[in-house]
Each structure stands twice: as structure tokens, then as C-alpha cells.
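Q: To start, I am sharing the structure in question, which I have written as C-alpha cells.
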Amino acid sequence: MVTKINELEYLVSSPDFWNDSMQAQSTMKTLSNLNKTVEDWESLESEIDSTVEMLELIEIDFDTEIFQEVLRETKEIQLTLEKLSFRLNFSGQYDSGDAILAIHAGAGGVDSQDWASILLRMYTRWSDQNGFDSKVLDVSYGEEAGIKSVVLQISGDYAFGNLKSEKGVHRLVRISPFDNDHARHTSFALAEVLPQVDQSLEVDINDDDLKIDVFRAGGHGGQNVQKNSTAIRITHIPSGIVVVCQNERSQRQNKDIAMKILMSRLLDLEQQKQNEKMDQLKGKHISAEWGNQIRSYVLHPYQMVKDHRTGMETSKIDAVLDGEINDFINSYLIHLVGDKNV
């Protein structure tokens, strides 16, 4: 890590470093994160040295107050060590940065749209509880209830590193509040998690490959909320990716946000292609993501949340739907590191 810091500091000192301001800002952010990590470990080392010195004093002349202080310091050191050690799981190129989180209602009609809105609430609460900032970039409401889709920007240190565990299909089993017969329904929603990327050398978009449409922004239930055409739809013709943004008041703001989402999706698409090539070399079976849920949330006939990748489960479903998903995130990250070491 120190070697990487030295390389980046040498790059920052070059006269033409700020010629590409977007790339320079990205490099500076990476350098800042690396320096912060080194400072945290050095601070922990200093605390350990100080505690060892107090232990040596106790060996010479036992003192109850110093002994109690050593116990307190030891507990603090243990907690800090666990925190810093766990952060080593965030080894991906974009793990330390912001994330784009998109939720799409799946099969199941109004029940799935309601389920998508429940997931939106869960992730928004998780964001608030863990010191992240969340902002709705675009939302499409259902005609009767819930949402068809929503796109969020989650900002904060290691937002993408945490949320990458949530990518996939989420399955809900419950008594439908929209069924007069009170029948049990199964609903699905897909969570997309993308790294937030700025314009850089990593994402090359040809303007000729883009089709840009402008239309009036729609509100809840499809009603028009603006007289001017400010909403933006960008279609990337080669990949078929379509991005819509209509939450901002100006056309330029919506276009800027739509381009950021498009770049993130193109980057994710390229990473998927690379992963598929690697899986083929390893002989790993690749299956359709939509047909395989990563997690099930059962409200009836019993209460349980189970992650099908790690086997972790809990009966505290109300707490989970209220944003307490760190146990699932952490177990997946540990599981992921284990897979990489196989």
C-alpha cells in the first residue's frame, strides 16, 4: 500500500497532472483513502505500543488504576483491529467509492411494486443508520401502489464495497395486502448495484452511439408535473442500455445524472464480461441472475430472512426491513473473500 501511495504522489507532482481534472480528482480521492488507511493502522500501532508500556509498568509495580486502564485500552484495540481487519475485505477497485443502487419490481404486479418500495425504505434506513447519504435520482411509481423502479445514489466511504453484496433478486413471501382473499403471494424485485464513476479513461462513450430523447417529467401515477420538457432518456445503441432521469428541475442536471448512471452500467457490463470469461476458464457454471434469488424474506407462514449464498438467516425480519442488514453484508463479504482464496 505504501508503494502505491508513493506512485500516486509522484503522479500528483507531475506538471500536467491537472490537465484532466476528472481523472485528477479520482486519483486524489484514491490517494486520500490510501493515506487514511495507513494513518488508521499507524494509529493502532501507536496505541498498542502505549498499552505494552503500561503492562511493563504493572510488571514492575502493580497499580490497580493502571491495570483497569490497560483493560479498557485492550478492548478498544480489539474493536479497532476487528474494524480495520474487516475493511481489508474491500479490495475491489471501486469499493471505497459511492454507489448507484437501482431497484426494479419483478413478476407479481402490484405486490412486487409494493415490495420494491419496501426495499427502497430498507436501503434508505440502512444508509441513514450507517452514515451514508442517499439521494433519489429517478423513480417510476406504480399505478395502484409502490414503485416500478427507482435509482438511488448512495454516497460515503466504502458505499459500493458494502452494497455490492445486495446485487441480485430479492424474494418476498407474505399474505398479500392487495388480495381480498388474503392469499399468500410471492413477489420479486431486482437490486442493481453499480460503482459511481466519473468521466475517465475507464469509460469511453462515443457520442454517435447515443440516442437522447427529451420529454416532460411525470409525477406519481403518471401525471405531468412540469410544463417544460426536462426529463432525459439516453439509449446506448451498441449495448441497448436505456437510462431515464427526470427528478431534477433542469434538463442539463437530468442529462448529467443520466450520463453518470450510463457510465456506471457500461462499466458494470464490461466487468460482467470479464467475470464470465474467468468463470469459463475455471469451469464455473453461469446461470441467469433473475431466476436465482440471493435472499428470501418470509412473513408467512413463519418469519425468516435467509441469504441463499452464505446460509445466514434470522427471524428478526422487522429489524431487517427497518435497515438492519449489516450482518448479511458482512457475512457475504467474508464469504466472497473465501471464494477468492479457493
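The values are calculated or read from the model by the stated rules, or taken from the named source; none is laboratory data. Being a predicted model, the structure only gives us computed values, none of them experimental. Neighbour counts are summed over all protein chains in view; Cβ atoms, including those assigned to glycine, are modelled from backbone coordinates with ideal geometry.
Q: Considering each residue of segment 12-37, count those that are surrounded by 14 or more Cβ atoms within 10 Å (Cβ to Cβ) and among the hydrophobic types (A, V, I, L, M, F, W, C), and give that number.
A: Final tally of qualifying residues: 5.
Q: Looking at segment 119-157 only, could you name the residues that are in contact with an Asp or Glu (Cβ under 6 Å, 6 or more places away or on another chain), assigned to a strand (DSSP E or B) and surrounded by 20 or more Cβ atoms within 10 Å (Cβ to Cβ)?
A: Across segment 119-157, the qualifying residue is only Val151.
Q: Moving on to the next point. For segment 41-50, indicate whether the set of residues that are out of contact with any Gly (no Cβ under 9 Å at 6 or more places or on another chain), farther than 30 Å from Arg265 by Cα, at pLDDT below 90 and not charged (D, E, K, R) is non-empty.
A: So far as segment 41-50 goes, yes, one or more of its residues are out of contact with any Gly (no Cβ under 9 Å at 6 or more places or on another chain), farther than 30 Å from Arg265 by Cα, at pLDDT below 90 and not charged (D, E, K, R).
Q: Also, quick follow-up: What residue, of Lys75, Lys36, is assigned to a helix (DSSP H, G or I), on the phi < 0 side of the Ramachandran plot and at pLDDT below 85? Give the derivation first.
A: Numbers: Lys75 fails: at pLDDT below 85.
Exactly one of Lys75, Lys36 is assigned to a helix (DSSP H, G or I), on the phi < 0 side of the Ramachandran plot and at pLDDT below 85, namely Lys36.
Q: Moving on. For segment 42-61, give me each residue that is touching a helix residue (DSSP H, G or I) at 6+ places or on another chain (Cβ under 6 Å) and either loosely packed, with under 13 Cβ neighbours inside 10 Å or in contact (Cβ under 8 Å) with a residue 40 or more places away in the chain (or both).
A: Leu44
Q: Taking Ser134, is it assigned by TED's automatic domain parsing to the domain that holds Val298, under 23 Å from Ala231 (Cα atoms) and of a type in the set (S, T, N, Q)?
A: Details: assigned by TED's automatic domain parsing to the domain that holds Val298: yes; under 23 Å from Ala231 (Cα atoms): yes; of a type in the set (S, T, N, Q): yes.
Criteria met by Ser134.
Q: Have a look at Ala116, Ala105 and point out the one that is crowded, with 23+ Cβ neighbours inside 10 Å, within 13 Å of Ala191 (Cα to Cα), at pLDDT 95 or above and not assigned by TED's automatic domain parsing to the domain that holds Lys260.
A: The match here is Ala116.
Q: From the list Thr64, Thr30, Thr37, exactly one residue is β-branched (Val, Ile, Thr) and touching a residue at least 60 places away in the same chain (Cβ under 8 Å). Which is it?
A: Working: Thr64 fails: touching a residue at least 60 places away in the same chain (Cβ under 8 Å); Thr37 fails: touching a residue at least 60 places away in the same chain (Cβ under 8 Å).
Unique residue meeting the criteria: Thr30.
Q: Scan segment 86-95 and tell me whether some residue there is surrounded by 12 or more Cβ atoms within 10 Å (Cβ to Cβ), basic (Lys, Arg) and modelled with pLDDT under 90.
A: Within segment 86-95, one or more residues are surrounded by 12 or more Cβ atoms within 10 Å (Cβ to Cβ), basic (Lys, Arg) and modelled with pLDDT under 90.
Q: Just to verify a result, which residue in segment 177-194, among those that are of a type in the set (S, T, N, Q) and touching a Leu at 6+ places or on another chain (Cβ under 8 Å), is farthest from Val151 (Cα to Cα)? First the steps, then the outcome.
A: Start the filter on segment 177-194 by keeping residues that are of a type in the set (S, T, N, Q), which leaves 180, 186-187.
Retained after the next criterion (residues that are touching a Leu at 6+ places or on another chain (Cβ under 8 Å)): 186-187.
Values: Thr186: 23, Ser187: 20 Å.
For segment 177-194, the residue satisfying everything is Thr186.
Q: Is segment 158-166 home to any residue that is more than 20 Å from Thr310 (Cβ to Cβ) and modelled with pLDDT under 95?
A: Narrowing segment 158-166 to residues more than 20 Å from Thr310 (Cβ to Cβ): 159.
Next cut, modelled with pLDDT under 95 only: 159.
Yes: one or more hits.
Q: Give me a count of the residues in segment 294-316 that are in a strand (DSSP E or B), without any contact (Cβ under 8 Å) to a residue 40 or more places away in the chain and not basic (Lys, Arg). Don't jump to the end; show me each part of the working.
A: Within segment 294-316, the subset in a strand (DSSP E or B) is 294-298, 304-307, 313-314.
Adding the requirement that they be without any contact (Cβ under 8 Å) to a residue 40 or more places away in the chain leaves 304-307, 313-314.
If we keep only those that are not basic (Lys, Arg) too, we end up with 304-305, 307, 313-314.
Matching residues across segment 294-316 total 5.
Q: Say whether the condition of being more than 25 Å from Arg252 (Cα to Cα) and in a strand (DSSP E or B) is met by at least one residue in segment 193-214.
A: Filtering segment 193-214 for residues more than 25 Å from Arg252 (Cα to Cα) gives none.
Checking segment 193-214: not a single residue is more than 25 Å from Arg252 (Cα to Cα) and in a strand (DSSP E or B).
Q: While we're looking at this one, here's another question. Restricting the first residue to segment 6-25 and requiring it to be within 22 Å of Val38 (Cβ to Cβ), which pairs with a second residue that is among the polar types (S, T, N, Q) and part of a helix (DSSP H, G or I) meet a Cβ separation below 8 Å and a spacing of at least six or different chains?
A: What qualifies is Leu8/Thr27; Leu8/Thr30; Leu11/Thr27; Val12/Thr27; Phe17/Thr27.
Q: In addition: Within segment 86-96, can one find any residue that is out of contact with any strand residue (DSSP E or B) (no Cβ under 9 Å at 6 or more places or on another chain) and in a helix (DSSP H, G or I)?
A: Checked against the condition, which is being out of contact with any strand residue (DSSP E or B) (no Cβ under 9 Å at 6 or more places or on another chain) and in a helix (DSSP H, G or I), segment 86-96 yields at least one hit.
Q: Let me ask something additional. Within the set of pairs 6 or more residues apart or between chains, which connect a residue that is assigned by TED's automatic domain parsing to the domain that holds Tyr123 and closer than 22 Å to Asp98 by Cα inside segment 161-186 to a residue that is of a type in the set (Asp, Glu) and at pLDDT below 95 with Cβ atoms less than 8 Å apart?
A: Pairs that qualify, where the first residue is assigned by TED's automatic domain parsing to the domain that holds Tyr123 and closer than 22 Å to Asp98 by Cα and the partner is of a type in the set (Asp, Glu) and at pLDDT below 95, are Gly161/Asp95; Lys164/Asp95; Lys167/Glu192; Gly168/Glu289; Val169/Glu289.
Q: For segment 188-200, state whether one or more residues are more than 23 Å from the chain's Cα centre (by Cα) and touching a residue at least 24 places away in the same chain (Cβ under 8 Å). Walk me through it before giving the result.
A: Initial filter on segment 188-200 (more than 23 Å from the chain's Cα centre (by Cα)): none.
No, that holds for no residue.
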